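S.K.: Please read through the structure below; I'll follow up with questions.
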Amino acid sequence: MKQIAFNKPFLTGRELEYIRQAHENMHLSGDGPFTKRCQAWLERSIGCRKALLTHSCTGALEMAAILAVTEPGDEIIMPSFTFVSTANAFVLRGAVPVFVDVREDTLNLDESKIEAAITPRTKAIVVVHYAGIACEMDAIRSLARRHGLMLIEDAAQALGSGYRGRPLGSFGELATISFHETKNLISGEGGALLMNSDELIERAEIIREKGTNRSKFFRGDVDKYTWVDIGSSFLPSDILAAFLWAQLEAAETIGAARKALWNRYHEGFADAERAGLARRPVVPREASSNAHTYYLILPDAAKRRRFIETLRREEIYAVFHYVPLHSSPAGLKYGRACGSMAVTDTMSERLVRLPLWLGLEAQQDYVIERCRRALGR
Ligand SMILES: *Cc1c(COP(=O)(O)O)cnc(C)c1O
């Protein structure tokens, strides 16, 4: 019996070669040649106006919060079914996360429940494209426009996904990406802030460079640089960007391999879904998925616990997430829920994520067979 990990980072084999190049370039701080290459790649493949690499998606969300929040008490609408950083970034700026329930099918923000959460203090809507599957961007975008709200995409999981043929990350004024080890394309820790609004670009560059106009200085737009705004150090070293470049170059190959794994799971659990033992992910017709996550929804919390335990005994590691934010200690203190959170509550108790990584191919049928058996118990 072989241990099957939940996640295994995939290396393309060129990471060290590019790190060696960065070493030879002697540009070790941020914004070197590899950073520029990665940013240009993101701008090209997503079609956003500007991309800035950051040390994490959390960092990119913090930059988004500095750009979006104008005063303490500003309200930011977001799902509760998400990673903590989505909310934390805004709380750090004194804003209040207002949690709205998610849809049953995609577990994405329920667009029909957003309007009820809008108040005169609302500043922005943050959508999270869960599992790399798009939110209902048409409805949410027109809602944001109608109410004059900033639209921010937490696209941490969604690089390579689309909605009506357009890449995610190109819809919001701002979008954030993660290159954390658990995502599709990785640099260990890493992220990017994407911008689709010209007004925000100049300020974002300043915020990322410790509140200075250093980026302008390097472009020769000003003859000295100085402290002009609040900010912090959000940029990664060019050594890390070199690692990331090897991954971006292989994006298509990695994407295709993940898609094949995802599809095999999906076919493998069709019977279980028909038998009512588990529900499979739903990909709406408008959405194209990057196969970030494969998950199943079990009938109840007790069945999920037994399912995970059964697999663990066979050394197959399946995991769950998220613990809802609206009822967490910090969520209760800093945020509030708007309306019923019934879908968030039930889904977070029943969802289980299956191993999905390049190299699993040879054992995937075994994993599927064990999962089916555990579901049938
Ligand atoms: C992974 C993730 C983050 C955080 O990304 P880091 O790069 O680890 O900071 C934020 N939001 C969502 C939805 C994520 O999945």
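S.K.: Can you pull out the residues in segment 74-96 that are open to solvent by less than 10 Å² (accessible area, probe 1.4 Å), part of a loop (DSSP other than H, G, I, E, B) and within 16 Å of the ligand (Cβ to nearest atom)?
M.R.: Ser80, Phe81, Thr82
S.K.: Is it the case that segment 155-165 has a residue that's within 10 Å of the ligand (Cβ to nearest atom), in contact with a Ser or Thr (Cβ under 8 Å, 6 or more places away or on another chain) and not aliphatic (A, V, I, L, M)? Explain how you work it out, then say what you get.
M.R.: First pass over segment 155-165, keeping only residues within 10 Å of the ligand (Cβ to nearest atom): 155-158.
Those still in the list that are in contact with a Ser or Thr (Cβ under 8 Å, 6 or more places away or on another chain) too: 155-157.
Narrowing the set further to residues that are not aliphatic (A, V, I, L, M) leaves 157.
Yes, segment 155-165 contains a residue that is within 10 Å of the ligand (Cβ to nearest atom), in contact with a Ser or Thr (Cβ under 8 Å, 6 or more places away or on another chain) and not aliphatic (A, V, I, L, M).
S.K.: Pairs only if they're at least six apart or on different chains, beta carbon under 6 angstrom, first in segment 39-66 and under 23 Å from Ile239 (Cα atoms) and touching a residue at least 40 places away in the same chain (Cβ under 8 Å), second more than 16 Å from the ligand (Cβ to nearest atom) and open to solvent by 40 Å² or more (accessible area, probe 1.4 Å); list them, first residue then second.
M.R.: Close Cβ pairs satisfying both conditions: Ala51/Glu43.
S.K.: Return only the number of the condition from (1) part of a loop (DSSP other than H, G, I, E, B); (2) in contact (Cβ under 8 Å) with a residue 60 or more places away in the chain that Arg285 does not satisfy.
M.R.: Among (1) part of a loop (DSSP other than H, G, I, E, B); (2) in contact (Cβ under 8 Å) with a residue 60 or more places away in the chain, the lone unmet condition for Arg285 is (2).
S.K.: Quick one: Phe99 ticks every box in (1) within 12 Å of the ligand (Cβ to nearest atom); (2) over 19 Å from Leu235 (Cβ atoms); (3) open to solvent by less than 10 Å² (accessible area, probe 1.4 Å) bar one, so which box is it?
M.R.: Result: Phe99 fails condition (1) only.
The values are calculated or read from the model by the stated rules, or taken from the named source; none is laboratory data. Source: prediction; values computed, not measured. Ideal geometry is used to build each Cβ from the backbone, glycine not excepted, and the neighbour counts take in all protein chains shown. These accessible areas exclude ligands, DNA and RNA; they are computed on the full protein's heavy atoms, side chains included. Shrake-Rupley method; radii C 1.70, N 1.55, O 1.52, S 1.80 Å.
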